[in-house]
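A.B. asks: One structure, as structure tokens, below. Some questions next.
The values are calculated or read from the model by the stated rules, or taken from the named source; none is laboratory data. Quantities reported herein were computed from a predicted structural model and do not represent experimental measurements. Don't worry about glycine lacking a Cβ; one is built from the backbone with ideal geometry, like all the others, and counts go over all protein chains shown. For the accessible areas, the whole protein counts, side chains as well, though only heavy atoms, and no ligand, DNA or RNA atoms are used. Shrake-Rupley method; radii C 1.70, N 1.55, O 1.52, S 1.80 Å.
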Amino acid sequence: MPRPEPPTPDGTSRQDFARLLQRLSAEMNMLSHDFAAAQGLHATDVQALLAVMNAARSSHPTPATPSWLSQELSLTSGAVTAVLDRLERAGHVRRARDGVDRRQVQIHYNPGAGSLAAAWFQPVGASTDAVRAEFTDAELGTVTRFLDRMTEELEELRHRRRDTDR
């Protein structure tokens, strides 16, 4: 029988810490599901929309394409087509042919569509601001660094597992 892990200096065990992260993740997922339902979308559509938005904001080496999105979300090409059809009908994204290689389709986020999400998620932003105000700049720096690193690690794990499963 494994011994319980000793608590961390702040008194939380590894399991307690994991439960806190799971609760945060679950609440974020529920908000995402609620937004999807309010927009007449599927939860996968919101994940795709976030991927396209993040690709547009990052130094992504190539534009978002249906094949990239298929790999990013581990979806079939048919599922990606259905997702993009719904997102395009809802006005969130547009598909355009590449100017050089007309065979390639690029996915572009419609910036104006952000007003729908902004209005829906405004209370989340207000809650975030209220909680942030409870912490010092140094504490927020630590939290930010932790969340960034945790996200990087989980993304790498997801990609490794996906690559191993192929």
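A.B. asks: Out of everything in the stretch 106-143 that is more than 30 Å from D85 (Cβ to Cβ) and among the polar types (S, T, N, Q), what residue ends up being nearest to the chain's Cα centre (by Cα)?
C.D. replies: T128
A.B. asks: Moving on. Inspect the stretch 95-114 for any residue being under 22 Å from E27 (Cα atoms), acidic (D, E) and free of Cβ contacts under 8 Å to residues at least 24 places away in the same chain and give the result as yes or no.
C.D. replies: So far as the stretch 95-114 goes, no, none of its residues is under 22 Å from E27 (Cα atoms), acidic (D, E) and free of Cβ contacts under 8 Å to residues at least 24 places away in the same chain.
A.B. asks: May I ask you to list the residues in the stretch 128-166 that are open to solvent by 80 Å² or more (accessible area, probe 1.4 Å) and not in a helix (DSSP H, G or I)?
C.D. replies: Within the stretch 128-166, A133, E134, F135, R166 qualify.
A.B. asks: Checking the conditions here, which among S25, S70, S77 is within 30 Å of G125 (Cβ to Cβ) and modelled with pLDDT of 90 or more?
C.D. replies: When all the criteria are applied, what remains is S25.
A.B. asks: From the list S70, S77, which one is surrounded by fewer than 16 Cβ atoms within 10 Å (Cβ to Cβ), of a type outside the set (A, V, I, L, M), over 17 Å from H33 (Cα atoms) and without any contact (Cβ under 8 Å) to a residue 12 or more places away in the chain?
C.D. replies: Criteria check complete, one pass: S77.
A.B. asks: For the stretch 114-123, does any single residue satisfy the condition of being modelled with pLDDT of 90 or more, assigned to a helix (DSSP H, G or I) and open to solvent by less than 80 Å² (accessible area, probe 1.4 Å)?
C.D. replies: yes
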